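Enquirer: I have a structure here, written as structure tokens, and I will follow up with some questions on it.
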Amino acid sequence: MTSDDIDRRHRFAQDCAREAGTIARRYFRSCEAPSSIEKGRHDPVTRADLEIDRFLIDQLAGAFPADGILTEETGGVPARHLWVIDPIDGTLNFARGIAHFAVSIAFCIDGRTESGIVYDPISDEIFTARRGHGAFCNGRPIRVRTTQGPWDAIVDAGYSSRHPAADYVRLVHGLLAQGYAFVQNGSAAMGLAALACGRIDGFCELSLKSWDVLAGLLLVEEAGGWTGGFPHGPGLLEDHEVLACTPAIRQSLRDLLLESSPLRGKTPLPSVQSVIQKS
Ligand code: IPD
Ligand code: CA
């Protein structure tokens, strides 16, 4: 696949994300959003999730029929050329009328994310990254903050009911004990976008899916941040812990996450996949 092929997908995905966001906005403002069913504890799916999921599959399969597609609501299988999609990341917020959710679209080649789009339909901010070409918000370049240390840093520590609560409590306790400010905003994609544009300093969660984070992780990497990456291949279908932050607090957050993990030091976090330093 040529660079032009990737560019074409990168541009097309932005148009799709905006149209998907229009659907999300319509549901959100018409009070139809609360009609949801529970997939798990605090894990709803709404009619909007399903409609956007179908819309994005139809658009992408129509334009690029040879590409594979993996989405939260329909599933899929890993492929060499693969779209990884969350129609709405932050569905619990969406279903409760909290305006903090996003459409997330990533395009991967051979296990590497090449394009990432996170669209917030309420603020109308589109965060985009193409590997090697930087990260942008509404077309303007973005960079991670120059964090001084924990006392100066806000970390979004996402919570999932799929993971033992005791580990999460240990993680939050560790963050506060080291002097971090902590938030839990309910959308991993939005948390990573906020990190990429310097609003917060770190994002971590003990158990996440590929569709929640692949686009956002590329945003952080292209904005000069550090990420622990996410396994590709069959790993795309499993839950994994996720860490992304500004370079200054990387070691401190890695240590905290290791202490909080159920395996507690038996398996190391993924090795440093990328530290992009564009001074
Ligand atoms: C959820 C969000 C949330 C995270 C959960 C995810 P969804 O995704 O990313 O921030 O804490 O673990 O499941 O279900 O809203 O797409
Ligand atoms: Ca979702």
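Enquirer: Grab the other residues whose beta carbon is less than 9 angstrom from that of Tyr119, score K and R as +1, D and E as -1, and report the net.
Expert: Values: positive: Arg18; negative: Asp120, Asp124, Glu125.
With Lys, Arg at +1 and Asp, Glu at -1, the net is -2.
Enquirer: Return the ratio Rg/(2.2 N^0.38 Å) for the chain, where Rg is computed over Cα atoms only. Each step should come with its number before you reach the end.
Expert: Values: Rg = 17.5 Å, N = 279, 2.2 N^0.38 = 18.7 Å.
Against the empirical 2.2 N^0.38 Å value, I get 0.93 for the chain.
Enquirer: Using a basic spin-label model with each label point 7 Å from the Cα along Cα→Cβ, how many nm lie between Glu125 and Gln59?
Expert: Inter-label distance under the simple model: 2.0 nm.
Enquirer: Taking 0.36 nm per intervening residue step and subtracting the Cα-Cα distance, what contour gain separates Glu19 from Thr2 on full extension? Walk me through the numbers before you get to the answer.
Expert: Values: separation 17, 0.36 × 17 = 6.12 nm, distance 2.63 nm.
Working it through step by step, the gained length comes to 3.5 nm.
Enquirer: If contacts are Cα pairs under 8 angstrom and at least 6 residues apart, what is the relative contact order of the chain in percent?
Expert: Values: 619 pairs, mean separation 44.3, N = 279.
Contact order relative to length: 16 percent.
Enquirer: Next question. Between Arg26 and Ser161, what is the FRET efficiency for a Förster distance of 22 Å, r being their Cβ-Cβ separation, to the nearest 0.05? Intermediate values should be presented prior to the final figure.
Expert: Numbers: r = 29 Å, r/R0 = 1.30.
So, using R0 = 22 Å, E works out to roughly 0.15.
Enquirer: Calculate one ³J(HN,Hα) per residue across segment 223-236 by plugging θ = phi - 60° into the Karplus curve 6.51 cos²θ - 1.76 cosθ + 1.60, and present them in order as whole Hz with x for glycine and proline.
Expert: With the stated coefficients, segment 223-236 comes to 9, x, x, 10, 9, x, x, 8, x, 9, x, x, x, 4 Hz.
Enquirer: Can you give the calculated 222 nm mean residue ellipticity of the chain, where each DSSP H run of n ≥ 4 adds -39,500 (n - 2.57) and the sum is split over every residue, rounded to the nearest 500 deg cm²/dmol?
Expert: Values: 7 runs with 95 residues, N = 279.
Dividing the helical sum by the residues of the chain leaves -11000 deg cm²/dmol.
We did not get these values from a lab; they are worked out from the coordinates using the rules stated. Bear in mind the structure is a predicted one, so any value in this text is a computation, not a measurement. Ideal geometry is used to build each Cβ from the backbone, glycine not excepted, and the neighbour counts take in all protein chains shown.
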